[in-house]
Every structure is written in C-alpha cells, then in structure tokens.
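Asks: Take a look at this one; I'll ask things after.
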Amino acid sequence: MRRRDFIKDIALGSLVLNLKPALFAQKNFPNLGLIQGDNPALLTRKAVASLGGIERFVSRGDIVLIKPNIGWDRTPEQAACTNPQVVKTLVELSLEGGAKEVKVIDNPCNQAKRTYLRSGIAEAAKQAGAKVLFPNKHRLKKIPLNGEWLKEWPVFTEFIEVDKMINVPIAKTHSLSRLTLGMKNWLGALGGNRNQLHQSLDQAMIDLAAFFKPCLTLLDAYRILIRNGPQGGRLSDVKLYKTIVAGVDYVAVDALGATFFDIKPHDMPYLRLAHQKGHGEINLDKLNIEKRTV
Amino acid sequence: MKLTSISLTLKKERSKKYRLIQSLRILSQTIFLFLFFYLLLATHFTGEDYIGSVEIFFHFDPLLALATLIASRAVYISFVFAALTILITFILGRVVCGWVCPLGSVHQFFSFIFKKGKLLKPKDNADNRVAWKYYLLVFILVGTLFSLDLVGIFDPLSLLYRSFSVAVLPALSHGFEATLGLLYQINVAFLADSLNQLFENLTLNSTFRQGFFIGLIFLGLLLLNISKERFWCRYLCPLGAFLGLISRWNILKLKIDEQKCIECQLCNIHCETQASPFPEEKWKSPECVYCFTCSSICPTSAITFPVGSTPESIESVSLTRRKLVFSSLLSVVAVPFFRLTPSQERSSPKLIRPPGALPEAKFLQKCIKCGECMKVCPTNALQPALTETGPEGIWTPVLVPRIGYCEYYCSLCSQVCPTGAIRALTVTEKIKVKIGLAWVNKNRCIPYFLGTPCIVCEEHCPTSPKAIKLIKTEVTRPDGTIKTPAAPVINTDLCIGCGICETKCPVVDKPAIFVTSIGEDRSERNQLLLPLLKEDPEIFE
C-alpha cells in the first residue's frame, strides 16, 4: 500500500466514523422526555416525539397493547384512571406508526364495564381505532414469570400474545407502595387472588415490571392524585400537574414521577430495590432528561 | 248433525276469521314476551347514571298495585298504569291474560310443547280446582290488611321476573361460559373473544344463593302443564283471579250457534283455561282468557264472540262461602306466624339492605320480591333473602358482601324498584347513604395477626376521605418477633357499609373485614353510637 493511499484511507475512515451517528440513525435520545402544557393529547405526542417518535417503538404490522390504568369507577376529573385523551393519542400514534392492531385492556378493581365506560377510556380508545377488551377469564393462563419472588401467576394472555406493549399509568398515591406509577400498573394484567401480592408488593412490582418490560412507558401526570389514592374521590384530592413523562427505562420514569409528589426516588423503597437489582436508574442527575413546555 | 259425521272435510268449515284472530293473539303474546325479555336484559348498567323505565311491566299489574296500596297504606303513583289493565279487563274480559301476560305465554308455550310431545293429552274433565286461585287471592289480600305483603311470591310478573333474574339467566350464563370454554378449547378464539365481549356488556349476574330453589319452583310450575294446559293460569294465578272478578260485565261474550254445533266437545277439550265453552250457558266468562282457541278449532264455526251480546246468565266458578271465610281466616291466623321471627325485635346483622331501602317494616310492606334490583346490580351483590328477616321477607334483596359490593357511584337498584320499597336516589344522594358498618376481625387480619403488610381494604375503600385508615400497630408474630405493620381501623362516621372491603379481602374464605347492618340510615334503633359521642371525621383527613 502506498503511503498516499494509506493516508487517504485513514481520512476516509475517520470521516465515515464521524458521520456514523447520522448515517445509521444511532441518535443519542434522551432517557426521559418531560413535557408540560395544557393539552394532554399534545403532551402525549411531544413526549413520544422527544424519545425519537413512535417509529422507534412500533414497527409496521405490529400488534400493540396499550395498558392504561382503568382500575376504578371514576371520571377523568377524579384522576383515578389514566387520562382518556392520553390513551386515545397513544392509539392514534401507534396506528400512525404502522401498527396492525392496537388493543387496550386492563383488569379493574371495580366492576369492569363501569370502569371502562365511566373513565372515558373505552370510548376514546375506540374512537381512535383501538380494540378495547374487557378482561376475559377464559384467557387467564398461569404464566412462568421467573421473577425473584413471583415464579408464576395467572396472566391474561393478551399481554403475552402481542408484539409491543406500551404502559400508560397515571400518577397517584398509594398507601403501601407510597405511589402507584408505572411498575404498579402491571397488577392490572393479572388474574387470580392478586390482592395477596400486597404481602410483598415492592418485590411483586419489580418482578412484574421486569417480566412485562414495556417498549415504552408514558406516565400520565396531567392530573395527579395527591391524597386518598389510589381512588381519590373528591376533586380536592386531585392536583392539576399538566405533565407527561415518557421513557424506555421504566424505573427512571417512576423515579422522575416520584418527584411530582415531592418524594425523592431514594425514599421510595421499591425504586431503591429496583435500582439495586439493576432494573433501571433512579439517580436523576445521571439521566438525560429533555424538558419542554408546549 | 251427528257426531259421527265429523271428517277432515269439515276442517274447511273452521272459521277463517277466528283463526286469523288466534294468529294475531299468538303474535301479540310473542311481542309482549319479547318486550318483557328485552326489558329484562336491558336492566343493567348501560353507561348512564340513570336507567329508563325498565320496570314498566309491573306498573300495569293491578294486583301488585292493590296489594301494595293496602299493605303499605300509601299510593305509589307509578301504578296508575294498572288502571288501564283494569279498564281493558272491565270492557273486554281477561284479554290481558290471553294476549299480554308473559308468564301466561310461557305456560301456553310449554303446554303446546307438551301437547306436541304427547305428554299432555287434553281432556274435557272440568273440575272445581279453578276456584283455588280465588281463595289464594283472598288469602293474599286479607294478609295485606295486616300489612303482610305476600303478593310478590305469587304475582305472575314477579314470579317470572324473579325466576329469570335469579335462576334462568344465571343458568344460561353458566351454559354460555361453558360453551365459550369449549370454543377456546377447539381454537376458535376469535369467535369466542367477540362473544365474550358481548356477554361482558350485558353484565349478567350468575351467582345466586337460592337460584337452585327458585329455579326448581319455576321448573315445577312449567312441568305442571303436563297435567293440565296452562295449569298456573287455570288454577293458581291470583292476578288471573282478580281480573276474572272484574271481568264479568265485559262486552265480549261467547255465543254458540246451535244450528251449526255438532256437540263434538272439541272446544271444551282444548279450552286453555277451563272456561267450558259448551254448552253456552255453562261458559264461565271470568275464566276465559280470550285465546280464541275454541272459536278457531270449532269444526263448524259455531262459536263466535259477538260484541255486546248479553247472555241470559253468567256462570261463575262456584266459590263456597265456607271456603272464602276459611281462606280469610287462614290468612288472619298466618299473619302472626309470619312474624314469630327475632328480626321483629332486633335487626339481623346480615340484613344489609340496598341503599334507599325504606325502614324494615315499610320495606316489607312494599317489596314484591321481583328481583329487578338483583338483576340490575352490577356486582351481583344483591341476593334473595332466606332467613335474614323471617318468612315475611323471603326473596327480598339483601346485600351479601362476600359475593359482591355496593358500587359507590351506582344507584340503579333504587331506580328500578317497581314499588318504591327502595326509594329512588340520585347518585349524589346515594353516596351519602349508610347501609351498614365494616368491622375488622383482628384474629384473621393478616397485618394484625402475622405482621405482614396487606392494606387491600383501605385501597378499595371508595369514600373520600377513606373510612378505613391504616395505623402502625405493634404486632407479636407467631414466632415471637415484633413487627409494626400498617393495620386497618374503621372510622364509623365515614363508613357507608358498601362492603367492597369484605368482597376484596384476600382472606378468601371467611373475611378478616366484614360488614353488618348496624349504623344503617334507615333504622333508628340499629345504631352504634349516640350522636354525642361521634368523633370529628376531620381527624382522618
């Protein structure tokens, strides 16, 4: 090899290396998107966009499952269930991203039909083109979760038989886990005597979140329940917080969510434990958070 | 004409007009039966807080109207529709029995099936059992004078609705579930999924403690049609008896053309209700339900129902004065026996009534045990009572929290109650109504006796602020170690007794938290604390 060629090669090579991020779309996305503003639908869109857009999470032809919190027979103003506009926008986004089918499902605590209708989620999601499913006990199957504590549990098979899952919880207080954010939301995928999981709830949440591993977690903090959670009731239990957080690291999402209640992530036992076990980051200063107001 | 000359050719002489009327009657029965079942299935949460008049059938029932009026000594305005039934019966006779009554249609349908299946062979052997229903009517109405309201047990609409809401529909839904399971097994999940979602939308309750017995009674009544056509309508129905009594002056009277009549007795054999069309003088107008079977089956079109004809005499069922007096006396004697129960003196802890239920004495005077509330309850919580309130209250609704709970923002049971035994409530009114009080059984509560965290009851408590509060409590565990878990305590002021804590308590057999009726708003006596001692609820904020 001639020296001239060698230098040329080096130059070209370094050029290629330099351009690599742009060429192969290996952009450095922020860990979390924190979007604030008045319109829940717009917040949802911007939050997903901040992480690189829905195309990063949903591929053409995917069957996508969206898991909101539809736990309670409460209206959106009472902030016990995920904001219907947020769910609706996520359905729209998934379909725009090329999803073949979007399913919306939760196993509520109150009577299913009442929660689905009164939360406004069934109608909103249907409008956007999702298939809204009541939990169906024929579809419960004991699934090996291979968690540290939970080895197996009856799970609605819809959660197993999809390509992608998006977790879209609402931020609320909870007397046992202090807060119910993303990781607690997975109890809604279970059947059986799931109330027994409260006997070691923190560990259950960690095992469940690791098992279900959503491709995206979107925390609805448009209205947050600061008192009397996880159901609330009075409008004075609700705080208009006008925020949505998006992230792939579900531990980080919950860690940021905790701060909305003036709780340090390190003061949340389940987050501390999840971090220790290497499920995600809870040191907010180590996270690249894109903050925007729209 | 002689009897022997009946032949197939005579069939041509059957009255086309009355065969058409008979078809119209069957059409009318079908329509009303479907309407009844449609309203039955529509009695569920549809997404709105308020439900339409799905209980409207009951308001056309003059027996329910009269019995409720006498027993409760109060006018319930919705029963004005019953006046229409009375008017129709007054003018046209018991057409309501033959053309409208859904239970009558069900019985007629089964009679038809049994006839086709050769299980029932109609005979012309008139007997005086038709009098039974009049004695039963007297028994019921005399009881109402003493506010003993047993009408709901025997009223045909109550009986049919209860049988369907508590037994038939739940049984069907079990069958449906089994079919779904099968569909999943043979891998037609797509179909099964859609069916399941449809089914979920109907919110059919499938668990009823007395479903078996109520179903058995209904089945028994259906099977009685093997012995006699429309056995129930013929011998037992007190509403039929009531309508019979007011129908004797009606304008539709049977007439037999003696020139045409061949005395073949077909009319008597096939009369649905033993009204004995032949001979004309023996026809019992109050027994006739105007099914027009006789006039359409008559091989010579001899039987007609001309408007306004006035027969010389009206034959009635022979009721003996002795037996009428006897059934009245029986009723009078029965009243105290129905009240030998301890619930007269002391409220039963398990007698948790739906929100809006009137004070117990008033409630029993009004409740017709129809099962509307049990059908509409979204959580299957309302169950037919057996012993909770004595024999008088059998099949009245009680809330059984181990089966279901009172959904906080739901007041549907109070809206569908046809008699106002459960006062109609708005949702805002309803959430303030206390139907009982929750108690913690510390010997079974997981935090209290094992020191293990739980909080499920507190999490589900729907009031704000929550009536269940968690307090750090020092617990000596079975191994001697000491823990301080958060354990539930009840705020007696805030608890409304909805029972969701008991439903959801993870101690699945006998719950560690349970609701009893004490503290219920509707009772003055069944209270825990004097108002003076009540604590300030604000401390739980």
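Throughout, read-outs are computed from the coordinates displayed, never taken from laboratory work. It should be emphasised that the depicted structure is a prediction, and the values quoted were computed from it without experimental measurement. Positions of Cβ are generated from backbone atoms using ideal geometry, with glycine treated the same way; all protein chains shown enter the neighbour counts.
Asks: For the stretch A:116-223, what does the alpha-carbon gyration tensor say about shape, rounded, prolate or oblate, given a ≥ b ≥ c as the root eigenvalues, a/c under 1.5 as rounded, and a/b over b/c as prolate?
Replies: Numbers: a/c = 1.69, a/b = 1.21, b/c = 1.39.
It comes out oblate by the Cα gyration axes.
Asks: Can you check how the C-alpha radius of gyration of the stretch B:351-540 compares to 2.2 N^0.38 Å, as a plain ratio?
Replies: In units of the 2.2 N^0.38 Å rule of thumb, it is 1.08.
Asks: In square nanometres and to one decimal, what's the mean projected area of the convex hull around the Cα atoms of the stretch B:234-338?
Replies: 7.7 nm²
Asks: Given the protein assembly as shown, what whole percent of its Cα pairs are spread farther than 51 Å?
Replies: The calculated P(r) of the protein assembly as shown puts 33 percent of pairs beyond 51 Å.
Asks: Taking N as the number of residues in the stretch A:31-293, what is its alpha-carbon radius of gyration divided by 2.2 N^0.38 Å? Don't jump to the answer; show the numbers that get you there.
Replies: Working: Rg = 16.5 Å, N = 263, 2.2 N^0.38 = 18.3 Å.
Computed over Cα atoms of the stretch A:31-293, the ratio equals 0.90.
Asks: If the cut-off is a Cα-Cα distance under 29 Å, which lysines reach B:K118, setting aside same-chain residues fewer than 8 apart in sequence?
Replies: B:K2, B:K11, B:K12, B:K16, B:K17, B:K133, B:K228, B:K282, B:K284
Asks: Still on this structure: Given a cut-off of 18 Å, what percent of all Cα-Cα pairs of the stretch B:455-535 lie beyond it? Each step should come with its number before you reach the end.
Replies: Values: 1679 of 3240 pairs.
Roughly 52 percent, once rounded to a whole number.
Asks: Helix B:62-72 versus the longest principal axis of chain B: what angle, 0 to 90°, nearest 10, using Cα atoms?
Replies: Long axis of B:62-72 versus the principal axis of chain B: about 40 degrees.
Asks: Considering the Cα positions of the stretch A:42-140, please state its Rg to one decimal place and its Dmax as a whole number of Å.
Replies: That works out to 13.4, 39 Å for Rg and Dmax.
Asks: Would you kindly calculate the translational diffusion coefficient of chain B, applying Stokes-Einstein with the Kirkwood radius from alpha carbon pairs, for 25 °C and a viscosity of 0.890 mPa s, and quote it in µm² s⁻¹ without decimals?
Replies: Translational D for this selection: 94 µm²/s.
Asks: Could I get the Rg over Rh figure for the stretch B:1-140? Both from C-alpha atoms, Rh via Kirkwood, rounded to two places.
Replies: Looking at the stretch B:1-140, the ratio lands at 1.07.
Asks: Shape of the stretch B:311-381 from its Cα gyration tensor (a ≥ b ≥ c, root eigenvalues): rounded if a/c is under 1.5, otherwise prolate when a/b > b/c, or oblate?
Replies: Note, shape of the stretch B:311-381 comes out oblate.
Asks: Give the longest segment of chain A that steers clear of trypsin sites (Lys or Arg not before Pro) in DSSP loops with at most 14 neighbouring Cβ atoms within 10 Å, not counting the sites themselves.
Replies: The longest uninterrupted stretch comes out as A:152-233.
Asks: From the cross-link list B:K123/B:K255; A:K242/B:K432; B:K123/B:K369; A:K142/B:K472, which pairs have alpha carbons spaced over 24 Å apart? The partial results should precede the final answer.
Replies: Details: B:K123/B:K255 22 Å; A:K242/B:K432 32 Å; B:K123/B:K369 36 Å; A:K142/B:K472 35 Å.
Distance filter (> 24 Å) returns A:K242/B:K432; B:K123/B:K369; A:K142/B:K472.
Asks: Using the Kyte-Doolittle scale, which helices in chain A average at least -0.5 and also have C-alpha atoms spread 24 Å or more along the helix axis, with helices defined as whole DSSP H runs?
Replies: A:3-23
Asks: Against the longest principal axis of chain B, how steep is helix B:82-92, in degrees 0 to 90 to the nearest 10, with axes from Cα atoms?
Replies: With both axes taken from Cα atoms, the answer is about 10 degrees.
Asks: To the nearest 0.05, what FRET efficiency results for A:K126 and A:N283 with a Förster distance of 35 Å applied to their C-beta separation?
Replies: That pair, A:K126 with A:N283, gives E of 0.30.
Asks: Give the separation of the Cα centroids, the stretch B:450-504 to the stretch B:143-199, in Å.
Replies: 36 Å
Asks: Using a Cα-Cα cut-off of under 16 Å, which lysines could be cross-linked to A:K184, ignoring same-chain neighbours fewer than 8 residues away?
Replies: A:K67, A:K172, A:K213
Asks: Report the Cα-based extents of the stretch B:53-124 along its three principal axes, largest first, to the nearest Å.
Replies: Largest first, the stretch B:53-124 extends 49, 26, 23 Å along its Cα principal axes.
Asks: Shifting gears a bit: Using a ≥ b ≥ c from the Cα gyration tensor of the stretch B:231-274 (square roots of the eigenvalues), is it rounded, prolate or oblate, where a/c under 1.5 gives rounded and otherwise the larger of a/b and b/c decides, a/b for prolate?
Replies: It comes out oblate by the Cα gyration axes.
Asks: Once both axes come from the Cα atoms, what is the angle between helix B:102-116 and the longest principal axis of chain B, in degrees from 0 to 90, rounded to 10?
Replies: The helix B:102-116 is inclined about 60 degrees to chain B.
Asks: Something else about it: Distance between the C-alpha centers of the stretch A:33-92 and the stretch B:46-66? Whole Å please.
Replies: Spelled out, the Cα-based centre of one part sits 42 Å from the other.
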